[in-house]
Amino acid sequence: MARPYDRSLLLILVLLLCCDGVRPILGAGGGGGGEEEFTEELLLKPLPDKKVLAHFHFQSTVPPSDSIGRHHHLFPKAIAQLVKKFHIRELELSFTQGRWNYESWGGSDPMSNINAKAPGVELWTVFDLPPNDIDENWKGLTHALSGIFCSSVNFLESSTAYSAPHWGLRVNSSSMRYGALPREAVCTENLTPWLKLLPCRDKAGLASLLDRPSIYRGYYHSQRLQLFSTGPTGIILDQTLTVVLQPSVQMDNIPNSYDRFLQPNWSIMSMFKKKVTGQCVLAKASTIFIELENSLAAEIEKLGCGESWKNPAFELSVKPDRVIRELNSVEGKSGSTLYEFKVVQYDKYEHLDVGIKWKLPLVWSCPQVPFLASRFLMGSGNERGSIAISLRPTQSLEWFLSDPQRCTVRAVVFQVVPWYVKVYYHTLQIFIDGKPMPVTDVVEKIRVSPSEDKVSPGSLEMMLRFSCVMSSAALTMDFDKGFLHIDEYPPDANQGFDIPSAVISFPDFYSSRSYLEDNSLEQSPLLLKRQKKTVLQSYTEVLLVPLTTPDFSMPYNVITFTCTVLALYFGSLLNALRRRIGEEERLLKSKDPKLVGLIPRILSKLKGRTPESCQSASPSSASSKPASKWLFKVVFVAVVAVLWHFYFNTD
């Protein structure tokens, strides 16, 4: 019999062995020599039109390991399984409501260039697979994403909803698939699963500021998910939420002459109805930034305020931990300024409520893309029309060019058109400053994939070269409107059909920020991402094309009318076949004659007859009259049914 202390020793040894066996598994979840990391950051930026940009940035990383998709501490397991199952190299999924205002909110800075997206749902993926296996994995990926984010991404499964761009979006992207749903509505059903991918969800950290009414009351909001998967670095998942809000005006004792230009005062509490109560305990870093655009910083410098957080122009509600200034800016231009606040210093007893109070009216503008793009429809009727794309240069073009008089600018147009909008690409016309130009003089490279009815959409990838001194440019293409089967119309077909936004990129211009090299910047994925050079691009409007729609009430009318006729025919026929007139007469005679004769007496008085004459009528004549009447009814209904059937068959 074993002693008690022997049993205790044996139990301790078993526990140690189990811990030794579990430790390699847990270590494998973080990778050999690496660990999973999570960071959260928030960037607040005042805009010239008295609005505020709030950009939430969450990054989760997992090092390369054989156990990816099985054991994870911080990284979402569902995303890791997607990468492993569908062999994803890069992926970007965005849910956007509203359209980015490129004129007022800018387009050439890293924030707007990366996070300004087309309305609705946009998905593009680069696969690490042979070309023959990409389409099958794309279909499975769309269904998986649709289930994760509770959306209609699965509608992109059909070959009529996605395309395979080659160089219109990225250089040498033959393994890419691109799809868009411009009419997809964005709501909390999409935001909630997006927040569930975070380690602390929306219970702690900066994600706790995401008040649903405040977000969806904004002028623009876009939630984005982007991931990169490579062998040396593992998987990097970026979750961003960009919101443009209108703060409530808080002005006290301000003269009326200032009301036109003075910016509204705002804080985190006034915009999100909450304060920061600390960081997520699983986050490696939690930081809040307030950015002043380069033109705004230049206006402040003219007042002699410098980089102080409390000056005659404005005042921050909290003293920043550090001030970061942009370096290597354009000669003669001021760089942007960042005020950094560390959230780790605050907790539920000491809240952080970052805000800004304006003292003087300031006017500035955000840097824009070289050309503002706009797309619209021309023509009338439900048979044919034209698609036009307009480009006009901005003042920011001079910032990028040293000698505008002797240069040219390249622009790449990528456009996907549904199959029922049959574009005739040979009708392409180009107008420079209102004058028609030969296509060969402007188009440097073009790739066209014509649409195929009910099989694939049409796509256009075109590289244009313009002179820098032009004042406007326009492109037009004619198209015919196709006919759809009644089953292919959406529930709101009379509203029209949407054509996804076109993507206009400028391969000669890049967006980036340069800051003073410091080891602390490596802990900020947001600042590191802003330092990378990305090609400038912008999105056009979504086009609404009206198509010929049938009268959807006509099938209902035909069905109801046919069913009524059939009911009358079969009802009368069954009544005549199943009715027994002789038994009914014997039943009437067996009853009390006074009760039975009450109704006949009333009818006879109305007809001017006596009850005795009605009773003295022979039974044979009384029974023959109803039988002949019913026979006539049956024959009449049968003839009507035959004529009705013959009429519809001839049509």
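Here are the numbers for the structure shown:
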item: Segments 218-226, 337-345 sorted - mean Cβ within 10 Å per residue, highest first; result: 218-226, 337-345
item: Percent RCO, i.e. relative contact order, over the range 106-157, from Cα pairs under 8 Å lying at least 6 residues apart; result: 23
item: Evaluated over the range 40-129, the Cα radius of gyration and Dmax, each in Å; result: 16.9, 51
item: Dimensions in Å of the range 433-578 - Rg and Dmax from alpha carbons; result: 28.8, 99
item: Förster radius 30 Å - calculated FRET efficiency between F376 and T188 (Cβ-Cβ, nearest 0.05); result: 0.35
item: Dipole of the range 416-509 [Lys/Arg +1, Asp/Glu -1 at C-beta], most positive-end residue of S501, A474, V443; result: V443
item: Of K275/K532; K310/K359; K310/K529; K203/K348; K319/K359, those spanning more than 22 Å from alpha-carbon to alpha-carbon; result: K275/K532; K310/K529
item: Chain lengthening between H426 and K302 when straightened (0.36 nm per residue, less Cα-Cα); result: 39.2 nm
item: Sorted peptide list for 291-298, 550-557, criterion being average Cβ within 10 angstrom, highest first; result: 291-298, 550-557
item: Protection proxy ranking of 148-158, 165-175 - average other beta-carbon atoms within 10 Å, highest first; result: 148-158, 165-175
item: Segment T230-R410, extension gain: residue separation times 0.36 nm, minus the distance between their alpha carbons; result: 61.7 nm
item: Inter-label distance, nm, simple model (7 Å from Cα along the C-beta direction), V363/K445; result: 4.3
item: Rough spin-label spacing in nm, given labels placed 7 Å along Cα→Cβ, for R384 and S553; result: 3.3
item: K633 versus E103: modelled label distance in nm, points set 7 Å from Cα along the beta carbon direction; result: 7.4
item: Rg to Rh quotient for the range 151-234, alpha carbon positions, Kirkwood Rh; result: 1.04
item: The range 441-582 - accessible surface per residue (Å², probe 1.4 Å); result: 53
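The values are calculated or read from the model by the stated rules, or taken from the named source; none is laboratory data. Quantities reported herein were computed from a predicted structural model and do not represent experimental measurements. For neighbour counting, all protein chains shown are included, and Cβ atoms are generated from backbone atoms with ideal geometry for every residue, glycine included. Note: areas computed on protein heavy atoms with side chains; ligands, DNA, RNA excluded. Shrake-Rupley method; radii C 1.70, N 1.55, O 1.52, S 1.80 Å.
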